[in-house]
Amino acid sequence: MLDEFNRGNAAAVLGDVLALLDKDKRGNTFVDLSYSDLKVSVPEEFAAHGHTTVSPRFTLPPNLWIAAAMNSSDRSVAPLDAALRRRFSIIEMPPDYESLSAHLKADPTADLGLPLEEWTVGAVGHLAVQLLRTLNDRIDAVLGQDFRLGQSNFWHVTGPTTEAMLQSLAAAWDRRVTQTLRLSLQDNDDLLSAILVAGSADQAPTNPRNRAAWWKAPHPSLGSHGNARLHFSELGELNGADIHSELLRLSNN
């Protein structure tokens, strides 16, 4: 298993092994190892056919499977080259809402329109799943599928009571979701505002502190040099009713 496959130059890391990945070359095509004249040895427990000296010729067996994981939204590294890509079958792993729902013991029949006093822990779990699904719908429309957030962002949401579960969900939003999006969209307040349903720069909410994200107008003394910028609130610092209201708003299409 190769994790973070695209964090380095994968073709250079694999080297000559790249030519041996094809099915028709397994077991019958060999490459000469570098420094084979050094006669490298291994312990007895790793002996092959009774030999502890590493063979100077190398091949890949037909029964070897190589699985690799990569983050398609990571733009800090070069994409995999065509020669490497064609030797792998690529399987997309989208956000798994069903797994998240089961893990959080969400109640998919819960009526999220009921007053908070009538909510259960299962209803909060359902809200978490709905929140991630709706958020990803907006991310998909604004940035594309590669930037959708996975279920791990809400995987550790927990709590013995409705209030505790809501606080945990708010903390996950503050520490995982908001920070990830801010890192992905540095200095692009307009796109971030669209994803977080913060309106436009000329819209000032009545109570901005109760919003996950809100626009703050520049001080008049800055004149033409000032621009409205997007600011963020810590939902975890709000009371239960305000957390409930804002997370519901964010979960609506």
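Within the stretch 13-33, residues that are over 15 Å from Ser55 (Cβ atoms) sit with their Cβ atoms under 8 Å from residues that are open to solvent by 90 Å² or more (accessible area, probe 1.4 Å) and in a loop (DSSP other than H, G, I, E, B), at 6+ positions apart or across chains, in these pairs: Lys23/Pro62; Arg26/Pro62. When the stretch 231-247 is filtered for residues that are buried (at least 17 other Cβ atoms within 10 Å of the Cβ) and either touching a Cys at 6+ places or on another chain (Cβ under 7 Å) or hydrophobic (A, V, I, L, M, F, W, C) (or both), the ones remaining, listed by number, are Phe232, Leu235, Leu238, Ile243, Leu247.
Just one of (1) β-branched (Val, Ile, Thr); (2) open to solvent by less than 70 Å² (accessible area, probe 1.4 Å); (3) at pLDDT 85 or above fails for Thr109. It is (2). The residues on offer are Gln203, Gln186, Gln179, and the sole one that is touching a strand residue (DSSP E or B) at 6+ places or on another chain (Cβ under 8 Å) and outside any strand (DSSP E or B) is Gln203. Checking each residue in the stretch 202-247 for being small (Gly, Ala, Ser) and either under 15 Å from Trp173 (Cβ atoms) or touching a Leu at 6+ places or on another chain (Cβ under 8 Å) (or both) picks out Ala212, Ala213, Ser233, Gly236, Gly240, Ala241, Ser245. Could you list, in sequence order, the residues of the stretch 141-158 that are farther than 19 Å from Arg249 by Cα, aromatic (Phe, Trp, Tyr) and open to solvent by less than 60 Å² (accessible area, probe 1.4 Å)? Correct list: Phe147 only.
Filtered by the rule that a residue be among the aliphatic types (A, V, I, L, M), more than 22 Å from Ala241 (Cβ to Cβ) and open to solvent by less than 60 Å² (accessible area, probe 1.4 Å), the stretch 192-218 gives Leu192, Ala194, Ile195, Ala201. Pairing each residue of the stretch 43-54 that is in contact (Cβ under 8 Å) with a residue 12 or more places away in the chain with any residue that is open to solvent by 60 Å² or more (accessible area, probe 1.4 Å) and of a type outside the set (Asp, Glu), provided the two are 6+ apart or on different chains, yields C-beta distances under 6 Å for Thr53/Lys39; Thr53/Ser41; Val54/Val40. Number of residues in the stretch 11-61 that are surrounded by 12 or more Cβ atoms within 10 Å (Cβ to Cβ) and outside any helix (DSSP H, G or I) equals 19. Selection of first residues in the stretch 153-167 that are more than 10 Å from Gly240 (Cβ to Cβ) and of second residues that are outside any helix (DSSP H, G or I), restricted to Cβ pairs under 6 Å at least 6 apart or on distinct chains, gives the following pairs, ordered by first then second residue: Met165/Gly159.
In the stretch 138-166, the residue that is farthest from the chain's Cα centre (by Cα) out of those that are of a type in the set (Ser, Thr, Tyr) and assigned to a helix (DSSP H, G or I) is Thr162.
None of Leu21, Leu60 is more than 28 Å from Asp146 (Cβ to Cβ) and either at pLDDT 80 or above or basic (Lys, Arg) (or both) except Leu60.
Within the stretch 120-140, the residues that satisfy the criterion of being in contact (Cβ under 8 Å) with a residue 12 or more places away in the chain and open to solvent by 50 Å² or more (accessible area, probe 1.4 Å) are Thr120, Gln130, Arg133, Asp137.
The values are calculated or read from the model by the stated rules, or taken from the named source; none is laboratory data. Note that the structure is a prediction, hence the values are computed from the model and not measured. Heads up, the Cβs are rebuilt from the backbone with ideal geometry, glycines too, and the neighbour counts pull from every protein chain shown. To get the accessible areas, we keep the full protein, side chains included, count just its heavy atoms, and leave off ligands, DNA and RNA. Shrake-Rupley method; radii C 1.70, N 1.55, O 1.52, S 1.80 Å.
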